[in-house]
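Here's the structure we're looking at; comments come further down.
We did not get these values from a lab; they are worked out from the coordinates using the rules stated. All of these numbers come straight from a predicted model, not from anything done at the bench. Positions of Cβ are backbone-derived with ideal geometry, glycine not excepted, and every protein chain shown enters the neighbour counts.
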């Protein structure tokens, strides 16, 4: 971010953060979550562009990486190891902080990943003269119960995008890889991943009651004023559309498209791309695999019901891959293998991490 934009942003932040009548909910942290390539970064940068939030251009990876990599943070030695490695990472470099800004408080008060995230984000907020922060690591959708346990005032906005467009994007960049024998049907694996993670997020979210809301990416793009008004009422924050367009941080100004080779495109142009990318048989297999969740979340299927059928390999993939994703999540979250698998990863980790297998 250049100095002019940063100064402009901080002025907006200070103006938005000086309201004296704000209640507890209007100061609560906001988690913008969803399956990767669903518009999480776009919505997150939209909130930052509105002002009043700490500006942090990265995913924190607090729960899906840091909290797993360093074990029980109630142990002082683990906290020290976390900080020593964190200070050399891109995740820390993006904060704009110095070690002195968080070191003492982490060593004294941190007992879990939620404490660590809150300490870091509150330090960024103090440095920028605001009272509020937001976070957007897509994989944190899988950790909603833990997030709500350790950060009780957290508000969660789950952004959902047409699973067929998510599949097109994930398949294009190859983040969700098939097992060797499924390479000829590789496009189905990200579709099944979308169904797996969105279903979990919706199930976890329903347990949060009034602290959880769902928003469609398409509504945010096509009807931004109305959609932002709804989100703003939920998080109790002024999401002024004109100010957002004027400040335009990150992907609000430069869309985070996985189809960059096709030239710069608007967010609206990303809607319905799957119709141009997949053949009719591929769409049929995809809609057989994720059609129920597509319908449940308000998306219309292209394939007539009478033609929705699947081959034995497609049926087997729909049975196997959710188990495979569950197994990988269990290995990472509940076994010592997490430390081995993630050893050395944080220092090299990109601030915007890959979303899955």
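For the range 124-250, what does the alpha-carbon gyration tensor say about shape, rounded, prolate or oblate, given a ≥ b ≥ c as the root eigenvalues, a/c under 1.5 as rounded, and a/b over b/c as prolate?
Note, shape of the range 124-250 comes out prolate.
Order these peptides, 184-191, 95-102, 295-302, by their mean beta-carbon neighbour count within 10 angstrom, highest first. Write down the numbers at each step before the final one.
Working: 184-191: 21.9, 95-102: 16.0, 295-302: 14.2.
Result, highest mean first: 184-191, 95-102, 295-302.
Among 327, 316, what is the fewest-to-most ranking by other Cβ atoms within 10 Å?
Details: 327 10, 316 13.
Ranked by crowding around the Cβ, least crowded first: 327, 316.
Based only on other Cβ atoms within 10 Å, what is the fewest-to-most ordering of 136, 333?
Exposure proxy ranking, most exposed first: 333, 136.
Would you order 65, 329 from fewest to most other beta-carbon atoms within 10 Å of each residue's own beta-carbon?
329, 65
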